[in-house]
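Right, one structure below, let's go through it.
Derivation of every value follows stated rules applied to the coordinates shown; laboratory data play no part. Nothing here was measured: the structure is a model prediction, and the numbers come from that model. In this analysis, Cβ positions are derived from the backbone assuming ideal geometry, glycine residues included, and neighbour counts consider all displayed protein chains.
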Amino acid sequence: MAKGNRDRFSTAARLKVLGEQTAARVYRSQTKRQARRSRLTGRAALLALVMCSLVVALAYPMRQYVSQRGDIAEQRRKEHDAAAQVERLRDEKARLQDDAYIKRLAREHLHMQFPGETGYTVTDPSAGKGRHDGKAATGRPWHQNLWDGVDKADRPGD
């Protein structure tokens, strides 16, 4: 055993173990470098370039597509509103074909009467109190107040 212990601590044995350890370290560092290098290969860079080009090339058409979809929705809304207005106008046209409706409109809006009828207009007595004779609170006519306002507007600092 003494000889085995001696071999164990011999220079050759120590160099052999040291060489194996060094080889293992070198192998580990090479695999780490290869792992780092393999992350971005030429193919991966080309793929990234192609993907970026596609994104840039498709950005404008996609924006146009989304914008046009909004325009289409707006036009459909306008079409719906126009169809509803056409329907209202058709209803109004049908009502205007009725003589009773025309007579009612003439009485309400034009204050017309049939021959032999007497028309009355009721006025509100308090409506006349709100009127003034053209003079403001200053007691001057309105046109003088207006002209003074124009003069004051031209002066700086007022």
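Here is how the numbers come out for the structure above:
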{"read-out": "Rounded, prolate or oblate (a/c below 1.5 giving rounded, otherwise prolate when a/b exceeds b/c) for the stretch 49-95 by Cα gyration tensor", "value": "prolate"}
{"read-out": "Spin-label model distance (nm) - Gln75 vs Phe114, 7 Å beyond Cα toward Cβ", "value": "5.4"}
{"read-out": "Whole-angstrom gap from the stretch 141-156 to the stretch 49-87, using each part's C-alpha centre", "value": "54"}
{"read-out": "Whole-Hz couplings from phi, Karplus 6.51/-1.76/1.60, listed for the stretch 54-65; x for Gly and Pro", "value": "5, 4, 5, 5, 8, 5, 5, x, 5, 5, 4, 4"}
{"read-out": "Translational diffusion of the stretch 12-122, µm² s⁻¹ [Kirkwood Rh, Cα pairs; Stokes-Einstein; 25 °C; 0.890 mPa s]", "value": "102"}
